[in-house]
1. Expected output is a single nm value to one decimal: the length gained when fully extending between HIS226 and LEU42, i.e. 0.36 nm times separation in residues minus the C-alpha distance. What is it?
2. How far apart, in nm, are the 7 Å Cα→Cβ label points at GLU98 and GLN49?
3. Report, in deg cm²/dmol and to the nearest 500, the calculated mean residue ellipticity at 222 nm for the chain, where each DSSP H run with n ≥ 4 adds -39500 (n - 2.57) and the sum is divided by the residue count.
4. So what's the angle, to the nearest 10 degrees on a 0 to 90 scale, between helix 3-13 and the longest Cα principal axis of the chain?
5. Could you work out how far helix 113-126 tilts from the main Cα principal axis of the chain, as a 0 to 90 degree angle to the nearest 10?
6. Taking the dipole about the Cα centre of segment 3-63, with the C-beta of Lys and Arg at +1 and of Asp and Glu at -1, give me whichever of THR19, ASN59, VAL44 is farthest to the positive side.
7. Can you give the charge dipole size of the chain about its Cα centre, rounded to the nearest 20 debye, using +1 on the beta carbon of Lys and Arg and -1 on the beta carbon of Asp and Glu?
8. Between segment 160-193 and segment 58-84, what is the separation of their alpha carbon centroids in Å?
Amino acid sequence: MSQIQQLQDIMKGLRLVETAKHLPHLIREAEQKDLSYTQFLLDVTSYEQTRREEKQLNNRLKWATFPFSKTLEEFNLKEQKSLSSKQLNRLKDLTWIEQLYNLILLGPPGVGKTHLAVGLGIEAINQGYKAIFTSMGDLIHNLKTEEITRKSKARMKRIREADLVIIDDLMFMAMDQQEANMFFHLINDLYNQSSIILTSNKAPKEWGELLGDQAITTAILDRILHRVEIIHLNEDSYRMKHRSTIFGQQSVSK
């Protein structure tokens, strides 16, 4: 067994797996550049650190379960003029997560609420936060099956441990009292621990109709609205303005 293979085996035993794979290249590069021992060790350890950070980032992106990958840079402010570039930049700096602020993105379907929420989630992950995305329907399902299936239990554990929880299509459908009660307990768990982004086509004053219990609605609103920024996205639906037909893309004139 060569010395390089011995080194690779030792590195694997130390769980430096990525560096072990790349070691022959690092050694060749050190020989070609006549690097000092110190610089070589710095290159080896820096390579391992970079690979681990990349792996952690990929894992956080995978666990976030975003429905698509759209960044804030792809959010078209010309199409959504109700949000200014200054406001978008303030959102992008993510100080509101440190301050445990919540965001409510309000507007009709197709105006970019989910895109903006996902973009902020991706930005949060890139800045080292743990973010997770769930639709309201999936969230209710996971809450109801949390004590039954390991998958739902693991999912809810990640939601409760996240720095940023994105709940899409809040109040899209009515809840029964059991569902509303479970949702309240989740919001209570996240209160003063995580930031929440909620997307909805219904203003908070309308939530009581769908929750069906005024006391639970008041308790939920009390926690969500304690520190909140409500963003109204009021432009016409982007999907409708740029809808595709069997004859090609067609713009809908006002």
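1. Answer, rounded to one decimal: 61.5 nm.
2. 2.2 nm
3. After summing the helix terms and dividing by residue count, I get -16500 deg cm²/dmol.
4. 30 degrees
5. 30 degrees
6. ASN59
7. 360 debye
8. What the calculation gives is 22 Å, centre to centre.
The values are calculated or read from the model by the stated rules, or taken from the named source; none is laboratory data. A quick note: this is a predicted structure, and the numbers were derived from the prediction, not measured. Because the Cβ atoms are built from the backbone with ideal geometry, glycine has one as well, and the counts that use them run over all protein chains shown. Surface accessibility is based on the protein's heavy atoms, side chains included, excluding ligands, DNA and RNA. Shrake-Rupley method; radii C 1.70, N 1.55, O 1.52, S 1.80 Å.
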